[in-house]
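Every number here is computed from the coordinates shown, using simple stated rules; none is lab data. Note that this is a predicted model, so its numbers are computed, not measured. Cβ coordinates were reconstructed from backbone atoms using ideal geometry, including for glycine residues, and neighbour counts include every protein chain displayed.
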Amino acid sequence: MNSTGTILNKKPALNGHRKSPSVNGVPKQTKLEIVTLAHEIRNPLTNINLAIDVLENMTKEGAILELSDIIRRNSEKINVLVKNFLHLNYIGAESAGIISIDEVLNGALEMAKDRIALKKIKIEKLFTICQCDVFINYTTTKIALLNIILNAIEAIKNKDGVLTIITKVRNGKCIITIQDNGIGIPKENIRKLFKPGFTSKLNGGGFGLPAASQILHSQKAKIRIKSEENIGTQFIISLNLAANTY
Ligand SMILES: Nc1ncnc2c1ncn2[C@@H]1O[C@H](COP(=O)(O)OP(=O)(O)OP(=O)(O)O)[C@@H](O)[C@H]1O
Ligand SMILES: [Mg+2]
């Protein structure tokens, strides 16, 4: 990394003779390509925003304006995610701080709010009265929890979808439960969940959970999964409380 923090002048670590190292099964040499791809994603996003501007100037129709607002806010979210991704990869991870886990969960829910509204899912928040303060990196932890929340939303197929989020303090740990009443996970799939590329979805990438587990484990979190087919799934994450981190 040079003084401006960019890694673009680094040569890709391509080596035709030696087996390249990998992180969670993803070859390290692809990092440069991934960073470049992240850059490229921002170009069509700019075009989408420009097209929405034009569309909004062409109509006063409420339904169209409502939909264009959803497109604009979501493209802005992609933009922020890509910017954060580039930031983490160029300048190094944002440092950790003492943060209330409620704040992180509310941030993740905010990012998922359009999907929650579109599927008419009920949210039950049972946050502990005394705050769960943890020593974590806000941005990456929010992305990890968002990935788990998105899976919960995607698993809900019925009309009476409920997403329950519970935080509590137990034995010096902050315990987060993210629970859905969706399709559940077949027993034989539970051990495959964190393998990059494992997906049961038509358009799934199988990268949400491996990324979430990498982020959470790097913050010394533990993840447990309880699931029953056609009943639902619980992801239980335990993090050290800030007071017990030092
Ligand atoms: N709450 C859940 N309910 C049911 N199945 C789940 C749940 N969470 C995860 N899964 C299963 O785990 C698989 C892997 O999840 P992961 O988030 O890694 O990938 P994905 O959701 O399929 O794709 P991506 O997140 O890359 O869009 C999912 O395809 C699904 O089969
Ligand atoms: Mg997913």
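Applying 1/(1 + (r/R0)^6) with R0 = 25 Å to the Cβ-Cβ distance of SER95 and ALA38, what FRET efficiency is obtained, to the nearest 0.05?
Calculated value: 0.70.
Treat every Asp and Glu Cβ in the stretch 97-244 as -1 and every Lys and Arg Cβ as +1, leave all other atoms uncharged, and give the resulting dipole magnitude about the Cα centre to the nearest 20 debye.
I would put it at about 320 debye.
ASN230 label point, 7 Å along Cα→Cβ, cut-off 16 Å on backbone N: hits in the stretch 182-219?
182-187
Based on the alpha carbons, how large is the Rg to Rh ratio for the stretch 176-218 when Rh follows Kirkwood?
Using Cα coordinates only, the ratio equals 0.97.
Compute the FRET efficiency between VAL169 and MET58 as 1/(1 + (r/R0)^6), taking r as their Cβ-Cβ distance and R0 = 51 Å, and round to the nearest 0.05.
The calculated FRET efficiency here is 0.45.
What's the ranking of 42-51, 134-143, 205-214 by average number of surrounding C-beta atoms within 10 Å, highest first?
Put in order of decreasing packing, that is 134-143, 205-214, 42-51.
Placing +1 on the Cβ of each Lys and Arg and -1 on the Cβ of each Asp and Glu in the stretch 97-244, which of GLY197, ILE166, GLN219 has its Cα farthest towards the positive end of the resulting dipole?
With unit charges placed on the Cβ atoms, the residue in question is GLY197.
Taking 7 Å along the Cα-to-C-beta vector as the label spot, tell me the GLU110-ALA243 distance in nanometres, rounded to one decimal.
For GLU110 paired with ALA243, the spin-label model returns 2.7 nm.
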